[in-house]
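All remarks here apply to the structure that follows.
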Ligand code: SF4
Ligand code: SF4
């Protein structure tokens, strides 16, 4: 090793150390990227998550048509529904709508085919609990008549609001590209093509 090479290596070593120390020292004056979770936050993390975040599922039962499309779409059978048809009124009655979030893998496949956006992901992710049983979300306390899409706009303002939110969700899931058109109006809602016979499942 020549003298020139010896001093060049010393210089490179010093430069390397100074470079590394400069990076470390810069963190003394940078704003930290980490956040103090879950406390000491100005806003809940859930409020900062994007619209398409796939958190714990929720169901607006008021606009569920009972079509079973979500239940069929789930690849691991997280969703358990029971519906029947009232022979006199010909209405569909939903007597069970459970989602096992202990099994759910947050894939979103159930919410994509929903004709009304009734089933949708939320930005909620804190689901820990003490038992697996309590991780089964039960959305039906007593049998309810399924929502029937109207031919024209939904006259009930509260249902129209829910449908508006639901259809925005469906549109943004179906067409996530930047050039997607504006969300469709809240009504009319087309029944799901995959809607099966109402007594398909008990
Ligand atoms: S998000 Fe996926 S795994 Fe979870 S219920 Fe829906 S389809 Fe099933
Ligand atoms: S796909 Fe939507 S409308 Fe159909 S049963 Fe599921 S939540 Fe209800």
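Any read-out appearing in this document is the output of simple, stated calculations on the displayed coordinates, not a laboratory observation. Here the structure is a predicted model, which is why all the values come from computation and not from measurement. Don't worry about glycine lacking a Cβ; one is built from the backbone with ideal geometry, like all the others, and counts go over all protein chains shown.
Computing FRET efficiency as 1/(1 + (r/R0)^6) for residue 22 and residue 77, where r is the C-beta to C-beta distance and R0 is 41 Å, gives about 0.15. Most tightly packed first, judged by the mean number of other beta-carbon atoms within 10 Å of their residues, the peptides 13-25, 127-139, 46-58, 62-74 read 62-74, 46-58, 127-139, 13-25. Here is how the number arises for the chain: DSSP H runs of 4 or more residues each give -39500 (n - 2.57), the sum is divided by the residue count, and the result at 222 nm is -8000 deg cm²/dmol. Per residue, the average separation of C-alpha pairs within less than 8 Å and at least 6 apart gives the chain a relative contact order of 26 percent. Taking every alpha-carbon pair in the chain and binning the separations at 10 Å intervals from zero gives 7, 25, 26, 14, 8, 7, 6, 4, 2, 0, 0 percent.
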